[in-house]
């Protein structure tokens, strides 16, 4: 599968623990996006990278959230001191330079208990 | 910023009938409007898109129309089949800065055999 891949697919964690998710975009895509999706809602934008530069962050991205893309390839999203409200599907997407079309990964479903 | 409204939230049709899903957007500078299909437990998949320089685009049983003046766009599925059952999301791409896709809240389509 040469599409966007995310790891892990599912994560169950206790409240207060830290979690980290990984996203590997399509190889020639220099733009990478993180979205969050809760039940019955559309994907909500969290943050966006162009190569290694983090260009925009949503107000949804509290101080407990941090994302990196150190070499402009894969990206990680870390959530510190998880809360039950963080339970959601975390989706990663990527796109070509200058292109609006975004392709999504399978997502990481986070459950905070 | 951009705001996308999507209606209806749920839609049930008989197999063979047509389905129409409508979206409105707020930012007149938005210039790209994709539609995604998301089956249960799977990633959102791009099924069709339209740019602001055209009014209609068709791909087999799926068509999208765009009215820039009214700032709304619609997805039309003809001759619906049970495998069309899924959640459909519209999105808009604001043509300003680095803002990525803004999604509607989704329409759950059920095609009844």
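Coordinate-derived values only; no laboratory data. Only a predicted model underlies this, so the values are computations on that prediction, with no experimental measurement involved. Cβ atoms come from the backbone with ideal geometry, glycine included; neighbour counts cover every protein chain shown.
Summary of packing: across the peptides A:18-29, B:45-56, B:100-111, the per-residue average of other C-beta atoms within 10 Å ranks them, highest first, as B:100-111, A:18-29, B:45-56.
With no solvent and one point on each alpha carbon, what is the Debye value of log10 I(q)/I(0) for the range A:45-87 at q = 0.16, 0.28, 0.32 Å⁻¹? For the range A:45-87 at q = 0.16, 0.28, 0.32 Å⁻¹, log10 I(q)/I(0) is -0.43, -1.03, -1.18. Per residue of A:99-106, other chain Cβ atoms within 10 Å of the residue Cβ number 6 on average.
Semi-axes of the equivalent ellipsoid of the range B:48-113 are 24, 15, 9 Å, computed as sqrt(5λ) over the eigenvalues of the C-alpha gyration tensor in descending order.
If you look at the Cα atoms of the range A:1-103, you get an Rg and a Dmax of 13.2, 40 Å.
What separates the Cα centres of the range B:39-113 and the range B:17-31 is a distance of 8 Å. Of all DSSP bridge pairs formed entirely within chain B, close to 90 percent run antiparallel.
For the range B:6-113, averaging the sequence separation of C-alpha pairs within contact (under 8 Å, six or more residues apart) and dividing by the residue count gives a relative contact order of 37 percent.
Measuring from a point 7 Å past the Cα of residue B:18 along Cα-to-C-beta, which residues in the range B:44-72 have an amide N at less than 16 Å? Answer for this model: B:56-67. The base-10 log of I(q)/I(0) for chain B, evaluated at q = 0.11, 0.15, 0.19, 0.20 Å⁻¹, reads -0.32, -0.59, -0.93, -1.02 [Debye formula, identical scatterers on Cα atoms, solvent excluded].
With semi-axes defined as the square roots of five times the eigenvalues of the C-alpha gyration tensor, the equivalent ellipsoid of the range B:39-80 measures 21, 13, 9 Å, largest first.
Among beta bridges from DSSP that stay inside the protein assembly as shown, the antiparallel ones total about 90%. Per residue, the convex hull spanned by the alpha carbons of the protein assembly as shown comes to 122 Å³.
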